[in-house]
1. On the basis of being within 13 Å of the chain's Cα centre (by Cα) and under 17 Å from residue 26 (Cα atoms), does residue 134 make the cut?
2. Every residue in the stretch 56-112 that is touching a Cys at 6+ places or on another chain (Cβ under 9 Å) and either small (Gly, Ala, Ser) or in a loop (DSSP other than H, G, I, E, B) (or both), please.
3. Condition first: farther than 22 Å from residue 136 by Cβ, touching a strand residue (DSSP E or B) at 6+ places or on another chain (Cβ under 6 Å) and of a type in the set (Phe, Trp, Tyr). Can you find one or more residues in the stretch 77-90 that meet it?
4. Pull out all pairs, ordered by first then second residue, where Cβ-Cβ is under 6 Å, the residues are six or more apart or on different chains, the first lies in the stretch 38-59 and is farther than 10 Å from residue 108 by Cα, and the second is in a strand (DSSP E or B) and of a type in the set (A, V, I, L, M).
5. Does residue 33 count as over 14 Å from residue 132 (Cβ atoms), small (Gly, Ala, Ser) and surrounded by 14 or more Cβ atoms within 10 Å (Cβ to Cβ)?
6. Could you grab me the full set of residues in the stretch 10-26 that are over 11 Å from residue 133 (Cα atoms) and either of a type in the set (A, V, I, L, M) or touching a residue at least 24 places away in the same chain (Cβ under 8 Å) (or both)?
7. Considering only the stretch 87-110, I want to know if a residue exists there that is surrounded by 14 or more Cβ atoms within 10 Å (Cβ to Cβ) and acidic (Asp, Glu).
8. Could you check, for the stretch 55-77, whether at least one of its residues is surrounded by 19 or more Cβ atoms within 10 Å (Cβ to Cβ), more than 14 Å from the chain's Cα centre (by Cα) and within 21 Å of residue 21 (Cβ to Cβ)?
Amino acid sequence: MPRNDLPDRLIVRAADIQPVPRGDGIVSYPLVGRWNATGDGVTSGITEFQPGAGIPLHTHNVDEVVLVLAGTASFQLGDEEFALAAGDATWVAAWVPHRFRNPGPGVLRFHWVYSARDVTRTLCATGETVAHLSAADRTTLTG
């Protein structure tokens, strides 16, 4: 249900973004989502991985696009692994297993966009499903 107290348009200023520490050298910077915008539009943000940091194999209930802004990424899509660099982008349909990790040496920074406001993450190893950026998601992201 849309919240009537949220605007139908906005400008997100870098100084106003509240970082979301996600453990294991990973921090997300939420840009647009159900926390600050109405409707069932996209959810987006930026995430940074310190060298060696990675997330477990997981799926989402919606499509996801990732654009690498800086650094290098090791991107697992199903059983395949790909090396990504700044300027490379990925698209993953809903329910397709994937994961990112930073092989180093620098910080990996990428912009992510989900195709809806209500986003979940399901860990492939356990089947646990959590709401994206929720307190539970922050404890399951590392691995």
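1. Here the answer is yes, as residue 134 does meet what is asked.
2. Passing the criteria: 56, 57, 97.
3. Yes, that holds for at least one residue.
4. Close Cβ pairs satisfying both conditions: 42/113; 44/31; 44/32; 44/113; 45/31; 56/123; 58/123.
5. Working: over 14 Å from residue 132 (Cβ atoms): no; small (Gly, Ala, Ser): yes; surrounded by 14 or more Cβ atoms within 10 Å (Cβ to Cβ): yes.
When the stated conditions are applied, residue 33 does not pass them.
6. Once the filter is applied, which keeps residues that are over 11 Å from residue 133 (Cα atoms) and either of a type in the set (A, V, I, L, M) or touching a residue at least 24 places away in the same chain (Cβ under 8 Å) (or both), the stretch 10-26 yields 10, 11, 12, 14, 15, 17, 23, 24, 25, 26.
7. Within the stretch 87-110 (the criterion being surrounded by 14 or more Cβ atoms within 10 Å (Cβ to Cβ) and acidic (Asp, Glu)), the answer is yes, since at least one residue qualifies.
8. yes
The values are calculated or read from the model by the stated rules, or taken from the named source; none is laboratory data. Since this is a predicted model, take the numbers as computed values, not measurements. Don't worry about glycine lacking a Cβ; one is built from the backbone with ideal geometry, like all the others, and counts go over all protein chains shown.
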